[in-house]
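Presented below is the structure to which this report refers.
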Amino acid sequence: MKKLSALLLALIMVFSLAACGDKNPEKPDNTKAPSNSSGSGIEASLFTVDFGGDWINIEDEFEDSEDGCTAVLQVLDPEDEEYYLIEATVEAKIEDPYDFREDLVYYDFVQYEYKVNNAYETVNIGGVDLLRYDDGDDTLVYFNRVEGANASVYVSFDATDINDSRIQSLLDGITFRLEDIGNVDGPWEWEGEAFFAENGSVNAGAFNVTSEFVAFEAPVTTFETFDHSVAATGDRVYVLVDGELSECHYDGVCLAFVQPIELPEDDYERIEATEDGTVWVSGGLNDILCIKGGNVVATYKDIDNFAIHPSGAWGVDYFTSNECEIVTFSGNTYTATPVTFKEADTIMHLCVDENNIYVCANAADDSGHKVFIYNKDGVLQKTLCDAEGEGLGSVTFVTQTANGYIAFDGNMRDVLLWDNNGAFVAEISDGELFSTNYPWFCDSAVLDDGSIITVMTDEREDQSATELVAFIVKGF
């Protein structure tokens, strides 16, 4: 029932979005008073647009400043003017290059091929050579970077027919006004200096918590901040980055890539390893995969977000509600038993270790984000909160150690410690322990020796890229 509800919710969201971003999208309220319906022009600091025919200027969307200009134009559906057939957005932004580089990747261009090999054809629009992207359906985008002007330029169309001749007529009327100020963009990811950190050491109560930076054999760069995962079994560490799964060998010093592991979908979100060396892959409303030796050895349907017990015998299927399921496996089948974690409300993350289920959630009594520790029957054992008994940020990993409990708070960028009774011990900032700038703690896993490997995203000092970086944490 929970799964069906989740799917229905997803479908409702899709159809709701379709009303404003799909074919024949509904015209927004701010288009009630279109003007300049023919033979008209738009004057902005960074561009001009001469347009006529069926195009109208949506004046309420117009923005004009020295640092950025935006104009929105539409061709309305003559059969129902509450809808448009084409919407065009013209943008010129004075900005650093990093958003543009992210857009390159988003629109399926390879950064190195673009910059070094000049591998892509361009179209001159308004005096600027622009790349062209279309999705084969209703989206058409022209864009590029004008380095000397420190500017990024975009002309995008949402249309029922991207080959409509009225699109070209509008493109012919655009002129960009960009001044070459001699700007030179910062280094690209292959030119920049890879992330590095010295080992860290912090006294926390009676404990000395240490961190050791573990470099990947080759830097792992990404434009995604949050959705990466790590799992470990023996000397193998698995990382899920941008939906791609890789196996690495950890020799105590470095993470060396062994092989990529092909997944049937590119939106899996979580990996975990069990005692027998199986890697469990879940999330994204996809089937759960069990991978061993680089191959899929089992598949389970109708389980969404999943946290597996180290034995691999059972786990917890959860979404956002506190109504979850204990899933028990038997060969290629499983049984699901409902369980309600009543002290929790909206679940953000869930972990399972040898003895406990950790529900990282907003409290049902509105006292903030906390970690609720349950047994397998759903009976509350302890509640972990901050030193004042109040809420935390957004915990992305928690487990029990010999000395208590350790958690990684992604939102607050803190490592948190509690004793075995659940009493708060210490809060260690990312800068103190890892010498990082402003990371996001993505995920962690316990190694065979009891230490923890944690992965996080952080921007390089030279801003050439955001990297996924790894540390080993010991001492608690």
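The values are calculated or read from the model by the stated rules, or taken from the named source; none is laboratory data. Given the structure is predicted, the values throughout are model-derived calculations rather than measurements. A quick note on method: Cβ atoms are made from the backbone with ideal geometry, for glycine too, and the neighbour counts reach across all protein chains shown. Note: accessible area is taken over every heavy atom of the protein model, side chains too, but ligands, DNA and RNA are not part of it. Shrake-Rupley method; radii C 1.70, N 1.55, O 1.52, S 1.80 Å.
For R166, the accessible area of its heavy atoms, probed at 1.4 Å with every protein chain present, is near 70 square angstrom.
All other residues whose Cβ lies under 11 angstrom from that of W55 are scored, Lys and Arg at +1 and Asp and Glu at -1, for a net of -2.
Using a probe radius of 1.4 Å on heavy atoms only, what accessible surface per residue do you get for the chain? Whole Å² is fine. Let's see the in-between values first.
On the way: 21980 Å² over 476 residues.
Computed with neighbouring chains in place, this is 46 Å² per residue.
Going by accessible surface with a 1.4 Å probe and the largest first, H249, H309, H349 read H249, H349, H309. Going through [x] 12; [y] 25; [z] 31, the figure that equals percent of Cα pairs over 42 Å apart as computed for the structure here is [z].
The residues packed around A256, meaning those with a beta-carbon under 14 Å from its beta-carbon, carry a net charge of -3 if Lys and Arg are +1 and Asp and Glu are -1. Only protein atoms count toward the accessible area here, which uses a 1.4 Å probe; on region 179-295, the carbon and sulfur part of that area reaches 45 percent.
Which net charge results when you count Lys and Arg as +1 and Asp and Glu as -1 among the other residues whose beta-carbon is under 15 Å from that of C351? Numbers along the way, then the final one.
Details: positive: R270, K370, K376, K382; negative: E269, E272, D317, D353, E354, D409, D443.
My count for the surroundings of C351 gives -3.
For K474, the solvent-accessible surface computed with a 1.4 Å probe is close to 100 Å², ligands and nucleic acids excluded.
Rank by packing, highest mean first: peptides 261-271, 136-146, 108-118, with packing defined as the count of other Cβ atoms within 10 Å averaged across residues.
Values: 261-271: 16.7, 136-146: 18.4, 108-118: 12.9.
Descending packing order for the listed peptides: 136-146, 261-271, 108-118.
Stokes-Einstein diffusion coefficient for region 207-276 at 10 °C in a medium of 1.306 mPa s, Rh from the Kirkwood formula over Cα pairs: what value in µm²/s?
Working: Rh = 13.2 Å.
The calculation lands on 120 µm²/s.
Rolling a 1.4 angstrom probe over region 29-160 with all protein chains present gives an accessible area of which 38% lies on carbon and sulfur atoms.
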